[in-house]
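S.K.: Mind having a look at this structure? Questions to follow.
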Amino acid sequence: MIFKYRFGNPIPTDTVVKESEVREDAVPFVTVLEGESISYEMADADIVYGLGENVRGINKRGWTYCSKCSDQPHHQEDTHSLYGAHNFLVVSGKETFGLFLDYSGVVSFDVGYTTKNGLVITPADWNFDLYILTGESVPAIVKEFRGMVGRSYIAPKWAFGYGQSRWSYMTADEVRQVVKKHRENDLPLDSVYLDIDYMERYKDFTLNEEAFPNFEDFVRELAEENIHLVPIIDAGVKKEDGYSVYEEGMEKGYFCTKEDGSPFVAAVWPGHAMFTDFLNSEAREWFGNQYAFLLDKGIDGFWNDMNEPAIFYTEDRLKEAFEKLDGFKGKNLAMEDFWALLDVTGSLSGNEEDYKTFYHEMNGQRIRHDKVHNLYGYNMTRAAGEAFERLSPDKRILMFSRASCIGMHRYGGIWQGDNKSWWSHLLMNLQMSPALNMCGFLYTGADLGGFGSNTTEELLLRWLAFGIFSPLMRNHAARDTRRQEIYEFEDIPAFRSILKLRYRLLPYLYSEYMKAALDNEMYFMPLAFAYPDDPRAARVEDQLLVGESLMIAPVYQPNAGGRYVYLPESMRMFRLKRDGSLESSILEAGDHYVEIPADEMIFFLRKGHLLPMAEGGNSVPEVDFENLTVFAYPDDGEVSYEYYHDDGVGKDYDNPENRAVITVSGDVRGYEVTV
Ligand code: MIG
């Protein structure tokens, strides 16, 4: 059941697509203190799931989170806000219910931080829709919520292949080298990402013709090798006379303005830049149309960056900073003064005050940015998604964004922003994944190996052993960090076998992804979602279910050599050896210490479930999705699996012919089947 309550006069977010009637009775479960907070008293054993992109564990208890899209390249355990704003959670325990705050402003969720059992939600103002959802189980509540916010974005099948990225591929030849080295080393690859360096001085929808000459031919040349080029698009539009996107946007009044109506300018990568008013539907349409510049050149995938929006500095703030700095000149700096001095420059980027100085024109209303902050990246990606429907109605286009808000999940996926080459961020990647799925974000993935800081071979191996299960599987690193392409490391065979396993698992992973998207199901699940009556399963923070058949237990610590795994029931364990062979054995329910050297990995097949596998290949088009080997762990007698399969490019998602049922019976051998 969905219970909807309206407070004040909410700014429309267009997040909810299935309308429910506004109720007037008391809100169930929670206590609403109008103008202050929404609260709930948890029982000791209650678990809180959800909140999408946030730090900490699968169970969100014990911290305060704040929905405020933020550029957080140095985030760690005590960070409150990341790139997305995802106001959906489920309380599971004494009482089980879902809660969603449909709201465009900043909101904090104190989940047992101030007091152990207090869940306190505090929106910045009192204009929002509050939804309470009930259902017979946590997954049922999630499904109800997902139905309410609409179908998740579906990526083209090639985008389930491995992608290589690095901020600083400066020329076409450098990209060619990346492709060549993967192919030479027998390493699968489907895409190479272009970061801001492909543009002419960081100008959106331009090309650096010198570094990337004859771009169309280059795109075609790579396509012949089954490689897709995926360029980045930044939110800020360079302010430069003669640059058509700037001039047109100015002429039409499509950029955000300051209070006095003059254009709002802030510095990001291109230098002084304008911010398209994505909340204005005309501006959105106009910006979306710009993607045609690259679509027309054969590009079929993009990533949207810097759309929180990130602001390095504004002129006003900079001026203020220089004035303050002047005050320090010639002064004998006491320690307090010294810290204050550091703070002057340290607070220039992403300054809270700057977000209160510009305005949007939304449905004929002028709205200050901070009231709608969390809708900005969402609507940039919506601009692209809506444009793709017009410009490429029959072909899927890859799109994922850095900033997001629920609602955006219909137009694109997300990557998890700037992480670090830290072991803790590998675990965070795992823990965040089901929370994102709950909020509708299925096409997700973190920068494998870590973006900032220097990675190590072992960290990259372990991260990939988890990453091969992520829909978005991309190795990405910042410029000035250690080279992170697989071929830069010593033990290429170990990487090769892990990567190739991804391509053997693709029929299953893609099928599970599609069913999750089409049926509003989870792709990554906490164990408790499938084993609700097992109190031990509820506390497992470092294992996940991947679709209906698999459980994973990645290694996320250095020099570990193995780990403890908890099995809620007997499962069939697969072990990938460095030569690519798979061994399997049956493990009983309970706790196991499993040895897992860094050049091997394990995963589990659940009892009563099937795993269809392909021969593999070095790119998605090379994978045969029709002649499969099916592995089983039959309970007793017959086991079936609903296999989703389509051409991976078109949009005929609901065709019943895309679903075939595979049924086998007998022992645990591999079966050959053709679908
Ligand atoms: O301020 O385009 O998260 O993936 O490599 C950094 C350069 C801007 C942030 C993105 C990252 C990308 C980088 N960008």
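The values are calculated or read from the model by the stated rules, or taken from the named source; none is laboratory data. All values reported here derive from a predicted model rather than from experimental measurement. Here the Cβ is made from the backbone with ideal geometry for all residues, glycine too, and neighbour counts use every protein chain on show. To get the accessible areas, we keep the full protein, side chains included, count just its heavy atoms, and leave off ligands, DNA and RNA. Shrake-Rupley method; radii C 1.70, N 1.55, O 1.52, S 1.80 Å.
S.K.: Calculate one ³J(HN,Hα) per residue across the stretch 611-622 by plugging θ = phi - 60° into the Karplus curve 6.51 cos²θ - 1.76 cosθ + 1.60, and present them in order as whole Hz with x for glycine and proline.
M.R.: After applying 6.51 cos²θ - 1.76 cosθ + 1.60, I find 10, x, 10, 9, 5, x, x, 9, 7, 4, x, 7 Hz.
S.K.: Using +1 at the C-beta of Lys and Arg and -1 at the C-beta of Asp and Glu, which of 275, 327, 199 has the Cα lying farthest in the positive direction of the dipole of the stretch 194-334?
M.R.: It is 327, whose Cα lies furthest towards the positive end.
S.K.: Could you do me a favour and compute the accessible area per residue for the chain, 1.4 Å probe, result in Å²?
M.R.: Per residue, the chain has an accessible area of 37 Å².
S.K.: Now for a different question. If you wrap the stretch 60-120's Cα atoms in a convex hull and average its projection over all directions, what's the area in nm²?
M.R.: That works out to 4.5 nm².
S.K.: Enumerate the aspartates and glutamates that residue 4 could reach by cross-link, defined here as Cα to Cα under 16 Å, with residues fewer than 8 away along the same chain left out.
M.R.: List returned: 14, 19, 21, 24, 25, 34, 102, 129, 144.
S.K.: Considering only DSSP beta bridges with both partners in the chain, what is the antiparallel share in %, to the nearest 5?
M.R.: Given both bridge residues lie in the chain, the antiparallel proportion sits at roughly 80 percent.
S.K.: Placing +1 at every Lys and Arg Cβ and -1 at every Asp and Glu Cβ, with all other atoms neutral, what dipole size does the chain have around its Cα centre, in debye to the nearest 20?
M.R.: With only Lys, Arg, Asp and Glu charged at Cβ, the dipole is about 620 debye.
S.K.: Moving on. Taking just the C-alpha trace of the chain, give me its Rg and Dmax in Å.
M.R.: Spelled out, the Cα radius of gyration and Dmax of the chain are 24.8, 85 Å.
S.K.: Can you find, among 596, 26, 608, the residue farthest towards the positive end of the dipole of the chain? Put +1 on the C-beta of Lys and Arg, -1 on that of Asp and Glu.
M.R.: Ranked along the dipole, the leading option is 596.
S.K.: Another question about this same structure. What number, in percent, do you get for the relative contact order of the stretch 100-224 if the mean sequence gap of Cα pairs under 8 Å and at least 6 apart is divided by its residue count?
M.R.: 16
S.K.: Can you give the FRET efficiency to the nearest 0.05 for residue 241 and residue 281, using r as the Cβ-Cβ distance and R₀ = 30 Å?
M.R.: It comes to 0.60.
S.K.: Over all directions, what mean area does the Cα convex hull of the stretch 158-214 project, stated in square nanometres?
M.R.: That works out to 4.3 nm².
S.K.: Now for a different question. Would you grab the residues whose amide H sits under 5 Å from the one on residue 398? Only those 5+ places off in sequence or on another chain, please, with H modelled 1.01 Å from N.
M.R.: Amide H neighbours of residue 398: 301, 302.
S.K.: Then there is this: Residue 228: accessible area at probe 1.4 Å, nearest 10 Å²?
M.R.: Residue 228 has an accessible surface of roughly 40 Å² with all protein chains in place.
S.K.: Continuing with this model, one more query. Can I get the semi-axes of the stretch 1-135's equivalent ellipsoid? Compute them from the C-alpha gyration tensor as square roots of 5 times the eigenvalues, in angstrom, largest first.
M.R.: Computed over the stretch 1-135, the values are 22, 19, 13 Å.
S.K.: Tell me the relative contact order for the stretch 512-568 as a rounded percent, counting alpha carbon contacts under 8 Å between residues six or more apart.
M.R.: The value is 28 percent.
S.K.: Give the residue list of GluC sites (Glu not before Pro) in the stretch 127-189 that are DSSP loop and have at most 11 other beta-carbon atoms within 10 angstrom.
M.R.: Sites meeting the loop and neighbour criteria: 136.
S.K.: Quick one: what are the phi-derived ³J(HN,Hα) couplings along the stretch 222-239, Karplus 6.51/-1.76/1.60 with θ = phi - 60°, whole Hz, x for glycine and proline?
M.R.: 6, 4, 5, 9, 6, 10, 9, 8, 10, x, 8, 10, 9, 5, x, 9, 4, 8
S.K.: Expressed as a whole percentage, what fraction of the accessible surface of the stretch 1-154 belongs to carbon and sulfur atoms when a 1.4 Å probe is rolled over the protein heavy atoms?
M.R.: Using a 1.4 Å probe with all protein chains present, the stretch 1-154 comes out at 49 percent carbon and sulfur.
S.K.: For the pair residue 26/residue 41, report the inter-label distance in nm, with labels modelled 7 Å from Cα in the Cβ direction.
M.R.: If labels sit at residue 26 and residue 41, their model points lie 1.3 nm apart.
S.K.: So, one more: Could you name the lysines whose alpha carbon sits less than 20 Å from that of residue 180, not counting residues in the same chain fewer than 8 places away?
M.R.: 500
S.K.: Just flag the chymotrypsin sites (Phe, Trp or Tyr not before Pro) in the stretch 77-150 sitting in loop per DSSP whose Cβ has no more than 12 other Cβ atoms within 10 Å.
M.R.: Of the chymotrypsin sites (Phe, Trp or Tyr not before Pro), not one in the loops of the stretch 77-150 has a Cβ with at most 12 other Cβ atoms within 10 Å.
S.K.: Related question: What are the ³J(HN,Hα) values, in whole Hz, obtained from phi via the Karplus relation 6.51 cos²θ - 1.76 cosθ + 1.60 with θ = phi - 60°, for each residue of the stretch 280-295 in sequence order, with x given for Gly and Pro?
M.R.: Coupling constants for the stretch 280-295: 8, 4, 5, 5, 4, 4, 4, 5, x, 4, 5, 4, 4, 3, 8, 4 Hz.
S.K.: Still on this model: Ranked by accessible surface with a 1.4 Å probe, highest first, in what order do 411, 193 come?
M.R.: 411, 193
S.K.: Which of the listed residues, 159, 58, 561, is farthest toward the dipole's positive end in the chain, when Lys, Arg count +1 and Asp, Glu count -1 at the beta-carbon?
M.R.: Towards the positive end, the residue furthest out is 561.
S.K.: Enter the accessible area of residue 13 (Å², nearest 10), with the probe set to 1.4 Å and all protein chains included.
M.R.: Its accessible surface works out to 10 Å², give or take rounding.
S.K.: Sticking with this structure for a sec: Which of 157/181; 239/371; 181/420; 420/607 have a Cα-Cα distance over 29 Å?
M.R.: Going by Cα-Cα distance, 420/607 fall outside the 29 Å limit.
S.K.: So, one more: Using a probe of 1.4 angstrom, how much of the accessible area of the stretch 201-249 is carbon and sulfur, in percent?
M.R.: 37
S.K.: Ok, one more. Using the basic label-point model (7 angstrom from Cα toward the beta carbon), what is the residue 34 to residue 456 distance in nanometres?
M.R.: The answer from the label model is 5.9 nm.
S.K.: Within the stretch 589-647, list the GluC sites (Glu not before Pro) lying in a DSSP loop whose Cβ has at most 15 other Cβ atoms in a 10 Å radius.
M.R.: Filter output for the stretch 589-647: 615, 626.
S.K.: What span do the alpha-carbon atoms of the stretch 617-658 cover on each of the three principal axes, reported in whole Å from largest to smallest?
M.R.: In descending order, the Cα extents are 38, 29, 11 Å.
S.K.: Of all accessible surface on the stretch 350-393 at a 1.4 Å probe, what whole percent is carbon and sulfur?
M.R.: C and S atoms contribute 44 percent here.
S.K.: Once R0 is set to 60 Å, what does the formula 1/(1 + (r/R0)^6) return for the Cβ-Cβ distance between residue 349 and residue 636, expressed as a FRET efficiency to the nearest 0.05?
M.R.: That pair, residue 349 with residue 636, gives E of 0.45.
S.K.: Among 1, 473, what's the order by accessible area (1.4 angstrom probe), most exposed first?
M.R.: Accessible-area ranking of 1, 473, largest first: 1, 473.
S.K.: Modelled label-to-label distance, residue 652 and residue 483, 7 Å Cα→beta-carbon offset: nm?
M.R.: In this crude label model, residue 652 to residue 483 measures out at 4.5 nm.
S.K.: Tell me which lysines have Cα within less than 23 Å of residue 329's Cα, excluding those fewer than 8 residues away on the same chain?
M.R.: Of all the lysines, those that pass the test against residue 329 - Cα under 23 Å, at least 8 places apart if same chain - are 319.
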